[in-house]
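Asker: Dropping a structure here in structure tokens format, bear with me for questions.
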Amino acid sequence: MVLLTQLPSEIINNIFGYVAPDDLPSIRSICRRLRGHVKGNAVLHRDIYYRYLDEPPEDVDWEQSLNDLVKLRRLCGREYSNLEISCPNIHMPKMAFVHHAVTKLLKAIPPSSSLSTRGGGSEHSTQQPVSSSYPPSRNAAILSHLFSKESVRNAFLQGSQLYERAHCFDYLPIPMRTIIDLERSRYIRIPVYIEYQQQSAKMHCLFGVGVQAPATLTLPNNPALSSSLNLNPYPPPTPGTNVHATPPSPPLPTRDGQIRSAFFGRTSLVPRLYPYAVSKVYDLREYTIRTKWGPFRADGSGKVDWEKMEAILLVLRTNIKLKELDRIPMVGNVWNTPFAGCWEGSLCELPRTGSNSRDGDGQGGQGPMGVGSGYGGWFLWGNTHEDWDSDIANDGAVDDMEEEDGDSEDGDLEEEEDDRDVHLEMADPYGVSGVWLRVVCFLDYTDFFSFNFPDDSMPCPESMPRPPLDVGEATKLLMMKINVTRIIYPEPGTGHPEINGKIWPIVHWKGYARSFDGSPGEARLTWGLRGVVQMTPEGEVRWTTSSLYDGEERWRSEGIQIGGIKSARGVIGNWFDKDYNPHGPCGPTAFWKISDLEAARPRGGHGGQQGP
């Protein structure tokens with residue numbers, strides 16, 4: 001009988017090609033012959049890689065990629081204690097590797113145009129859901145499975161300062177005599193830990209679904225905080241209790257020392273983390289020239305502040321949940337699904353909109369922003385929504401825009417169609433032109449001003465965050481229809497970042513927006529838009545938008561497209577006053593693409609080859 005080790009290498013490859021990646025280390029340890037056959041065998045590792053993962057857009061180190069996957073599965077397959085998680089010195093190497101492995105797996109997913117849906121092989125294969133703007137991915141399904149355990153999410157997605165505040169971990173033995181002392185102790189930031197916290201926050205943003213603290217906020221029986229402000233909120237542990245268990249969140253102080261519980265008294269859906277996220281998002285001290293008034297780090301490097309992005313995501317998702325916007329399939333598919341389209345090129349070819357759009361019955365009809373009822377309606381509500389026009393058009397959201405909005409900053413719609421250039425849209429690498437769904441949140445300005453400019457009875461030092469805020473927000477759902485107007489190709493050596501040996505163009509666009517909810521009168525409000533898309537020095541996609549009313553710019557926003565170019569996950573960021581008013585207002589916003597535009601009519605000339 002022929003032994004396995006005596007078979008030709010090709011046959012051994014065919015046999016071992018069906019081995020799970022986790023079993024390869026065991027095979028290498030059987031004998032020297034098999035170890036020599038497996039180690040460095042790129043063909044074998046490539047075959048196993050293709051059997052379990054997506055085919056990458058370019059060749060990778062097949063053996064190292066499988067080794068990283070095995071190690072990642074091992075780290076995500078164990079339980080983590082609160083003590084281990086709360087000690088960054090112990091947990092930092094694991095966090096760095098998991099961050100590296102997760103981002104590497106997401107970058108190895110091919111664009112939607114070439115992503116194959118091979119059958120069999122992976123126990124994590126998925127079906128593309130109805131009204132999804134991104135295709136199924138084996139890599140994303142594996143990551144969703146690995147992070148399905150609460151212990152793993154606690155270990156790797158809750159390492160930012162935001163969770164540190166909400167969990168009330170005290171790493172330093174500092175006597176806590178006041179709430180201010182408590183907050184100051186949490187805000188002591190050691191530089192080596194900053195990258196650790198940024199890595200955790202970035203993975204949470206890629207994960208997408210709002211990971212909550214272990215419990216929802218529980219208000220104290222006594223709303224008066226006069227005694228709590230002068231006492232350590234953490235009593236000494238009694239015998240038999242776990243000293244490393246997460247203590248309860250302290251009462252939320254306000255300027256007058258009273259709990260403002262009207263908002264939290266209405267619902268149990270608000271996570272305990274939410275007030276701390278609101279505090280970070282609406283803190284005007286986060287909006288400076290060094291941060292570009294956007295989700296960028298305060299060191300002026302232009303790097304993305306993933307902790308700020310995490311706070312924005314949690315605030316937006318909480319409000320989306322409270323307003324039940326996630327019941328709309330095109331919203332819920334992005335905001336309720338782990339790792340939803342958070343890789344480069346994940347955006348599928350979407351249904352096109354325009355005057356020639358037809359619904360499933362062959363009947364024409366205009367949905368919001370010109371989205372035909374058969375396309376936009378299906379894409380927003382799914383194919384089970386019975387009457388898109390009757391539910392939406394009756395409140396004024398889908399009136400004929402050609403008749404109603406002829407004189408605005410974005411101009412007449414016929415003139416806008418003439419302005420579209422097929423050459424520009426084909427040359428646009430970011431996929432700008434189309435219909436986008438947008439969510440905007442904001443505070444009542446009285447609450448906003450009181451929060452940022454409190455009286456002297458409770459000062460907040462510059463070196464520490466403001467106290468948690470629990471007053472509730474307003475949420476608006478908008479539709480944007482935009483198209484490319486100009487593409488600038490920077491010359492080498494002009495200071496523009498070079499990403500992977502390439503200088504990416506700067507794309508200018510314009511369009512208009514319309515409120516998609518609210519009263520009938522409010523729903524008819526339309527305003528102009530314009531903006532710029534470009535790459536940051538670290539390779540992230542930066543969106544700058546401006547909102548115009550009566551031809552005058554009023555609001556701006558800065559955002560980052562999570563996942564990269566043409567990511568279905570969309571753009572997350574914040575809006576602010578166009579004059580950078582130090583008194584605000586500001587707030588979080590997000591938008592993601594739901595439809596392409598009808599093909600533009602070809603025009604003469606050569607678009608996209610000139611600068612401003």
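The values are calculated or read from the model by the stated rules, or taken from the named source; none is laboratory data. Quick caveat: nothing in here was measured; it's all calculated off a predicted structure. Note that each Cβ is placed from the backbone with ideal geometry, even for glycine, and that neighbours are counted across all protein chains shown.
Asker: For the range 59-70, indicate whether the set of residues that are among the hydrophobic types (A, V, I, L, M, F, W, C), more than 12 Å from P21 (Cα to Cα) and out of contact with any Ser or Thr (no Cβ under 9 Å at 6 or more places or on another chain) is non-empty. Steps first, answer last, please.
Answerer: Start the filter on the range 59-70 by keeping residues that are among the hydrophobic types (A, V, I, L, M, F, W, C), which leaves 60, 62, 66, 69-70.
This time we only want the ones that are more than 12 Å from P21 (Cα to Cα), so: 60.
Still in the running and out of contact with any Ser or Thr (no Cβ under 9 Å at 6 or more places or on another chain): 60.
Yes.
Asker: Let me confirm something: among T318, T291, which residue is in a helix (DSSP H, G or I) and hydroxyl-bearing (S, T, Y)?
Answerer: On the way: T291 fails: in a helix (DSSP H, G or I).
Result of the check over T318, T291: T318.
Asker: Sort out which residues of the range 1-34 are part of a helix (DSSP H, G or I) and over 42 Å from the mean Cα position of the chain (by Cα), and write them in order of number. Steps first, please.
Answerer: Narrowing the range 1-34 to residues part of a helix (DSSP H, G or I): 4-6, 9-16, 21-28, 32-34.
Answer for the range 1-34, where residues must be part of a helix (DSSP H, G or I) and over 42 Å from the mean Cα position of the chain (by Cα): L4, T5, Q6, S9, E10, I11, I12, R32, R33, L34.
Asker: Also, I was wondering about something else. Is it the case that K510 is in contact with a helix residue (DSSP H, G or I) (Cβ under 6 Å, 6 or more places away or on another chain), surrounded by 20 or more Cβ atoms within 10 Å (Cβ to Cβ) and more than 30 Å from E164 (Cα to Cα)? Don't jump to the end; show me each part of the working.
Answerer: Working: in contact with a helix residue (DSSP H, G or I) (Cβ under 6 Å, 6 or more places away or on another chain): no; surrounded by 20 or more Cβ atoms within 10 Å (Cβ to Cβ): yes; more than 30 Å from E164 (Cα to Cα): yes.
Considered against the rule, which asks whether it is in contact with a helix residue (DSSP H, G or I) (Cβ under 6 Å, 6 or more places away or on another chain), surrounded by 20 or more Cβ atoms within 10 Å (Cβ to Cβ) and more than 30 Å from E164 (Cα to Cα), K510 comes out as no.
Asker: Let me ask something else. Name the residue that is modelled with the highest pLDDT, counting only residues in the range 82-100 that are loosely packed, with under 14 Cβ neighbours inside 10 Å and touching a His at 6+ places or on another chain (Cβ under 9 Å).
Answerer: Among those residues, the one meeting the criterion is E84.
Asker: Considering only residues that are out of contact with any helix residue (DSSP H, G or I) (no Cβ under 7 Å at 6 or more places or on another chain), part of a loop (DSSP other than H, G, I, E, B) and of a type in the set (V, I, T), which ones fall in the range 556-590?
Answerer: Answer for the range 556-590, where residues must be out of contact with any helix residue (DSSP H, G or I) (no Cβ under 7 Å at 6 or more places or on another chain), part of a loop (DSSP other than H, G, I, E, B) and of a type in the set (V, I, T): just I565.
Asker: While we're on this one: When you scan the range 269-285, do you find a residue that is among the small types (G, A, S), at pLDDT 90 or above and in contact with an Asp or Glu (Cβ under 9 Å, 6 or more places away or on another chain), even just one?
Answerer: Initially, the range 269-285 is screened for residues among the small types (G, A, S), giving 277, 279.
Checking which are at pLDDT 90 or above leaves us with 277, 279.
Next cut, in contact with an Asp or Glu (Cβ under 9 Å, 6 or more places away or on another chain) only: 277.
Among the residues of the range 269-285, at least one is among the small types (G, A, S), at pLDDT 90 or above and in contact with an Asp or Glu (Cβ under 9 Å, 6 or more places away or on another chain), which makes the answer yes.
Asker: Name the single residue, out of those in the range 334-365 being out of contact with any Lys or Arg (no Cβ under 7 Å at 6 or more places or on another chain), surrounded by fewer than 19 Cβ atoms within 10 Å (Cβ to Cβ) and outside any loop (DSSP other than H, G, I, E, B), that is modelled with the highest pLDDT.
Answerer: R352
Asker: Answer yes or no as to whether V19 is of a type in the set (A, V, I, L, M, F, W, C) and closer than 20 Å to K71 by Cβ.
Answerer: Criteria met by V19.
Asker: Taking the residues in the range 287-335 that are acidic (D, E) and without any contact (Cβ under 8 Å) to a residue 24 or more places away in the chain as candidates, determine which candidate is nearest to G159 (Cα to Cα). So that I can check it myself, show each step before the final result.
Answerer: If we filter the range 287-335 for residues that are acidic (D, E), which is where we start, we get 299, 305, 307, 310, 324, 326.
Narrowing the set further to residues that are without any contact (Cβ under 8 Å) to a residue 24 or more places away in the chain leaves 299, 324, 326.
Values: D299: 21, E324: 28, D326: 27 Å.
Among residues in the range 287-335 that are acidic (D, E) and without any contact (Cβ under 8 Å) to a residue 24 or more places away in the chain, the one nearest to G159 (Cα to Cα) is D299.
Asker: Could you please let me know if I48 is farther than 27 Å from A140 by Cα, assigned to a helix (DSSP H, G or I) and not hydroxyl-bearing (S, T, Y)? Outline the logic, then answer.
Answerer: Details: farther than 27 Å from A140 by Cα: no; assigned to a helix (DSSP H, G or I): yes; not hydroxyl-bearing (S, T, Y): yes.
For I48, the condition - farther than 27 Å from A140 by Cα, assigned to a helix (DSSP H, G or I) and not hydroxyl-bearing (S, T, Y) - is not met.
Asker: What are the residues in the range 465-506 that are among the β-branched types (V, I, T) and closer than 30 Å to Y445 by Cα, if any?
Answerer: Scanning the range 465-506 gives V471, T475, I482.
Asker: Then there's this: How many residues are loosely packed, with under 15 Cβ neighbours inside 10 Å and on the phi < 0 side of the Ramachandran plot if we restrict to the range 465-494?
Answerer: Going through the range 465-494, the residues loosely packed, with under 15 Cβ neighbours inside 10 Å turn out to be 474, 489, 491-494.
Imposing the further condition that a residue be on the phi < 0 side of the Ramachandran plot reduces the set to 474, 489, 491-492, 494.
Of the residues in the range 465-494, 5 are loosely packed, with under 15 Cβ neighbours inside 10 Å and on the phi < 0 side of the Ramachandran plot.
Asker: Now a separate question. Could you check the range 1-24 and list, in sequence order, the residues that are within 27 Å of S137 (Cα to Cα) and touching a helix residue (DSSP H, G or I) at 6+ places or on another chain (Cβ under 7 Å)?
Answerer: If we filter the range 1-24 for residues that are within 27 Å of S137 (Cα to Cα), which is where we start, we get 13-24.
Hits for the range 1-24 are N13, F16, G17, V19, P21, D22, L24.
Asker: Among the residues in the range 60-77, are any in a loop (DSSP other than H, G, I, E, B), of a type in the set (A, V, I, L, M, F, W, C), at pLDDT 85 or above and within 30 Å of N41 (Cβ to Cβ)? Write out each step before concluding.
Answerer: The first filter runs over the range 60-77 and keeps only residues in a loop (DSSP other than H, G, I, E, B), leaving 60-61, 76-77.
Now restrict to residues that are of a type in the set (A, V, I, L, M, F, W, C): 60, 76.
Pick out the ones that are also at pLDDT 85 or above and you get 60, 76.
Going one step further and asking which of them are within 30 Å of N41 (Cβ to Cβ), we end up with 60, 76.
Yes: the range 60-77 contains one or more residues that are in a loop (DSSP other than H, G, I, E, B), of a type in the set (A, V, I, L, M, F, W, C), at pLDDT 85 or above and within 30 Å of N41 (Cβ to Cβ).
Asker: If G563 passes every condition in (1) on the phi > 0 side of the Ramachandran plot; (2) under 22 Å from the mean Cα position of the chain (by Cα); (3) at pLDDT below 90 but one, which one does it miss?
Answerer: (3) is the only condition that G563 fails.
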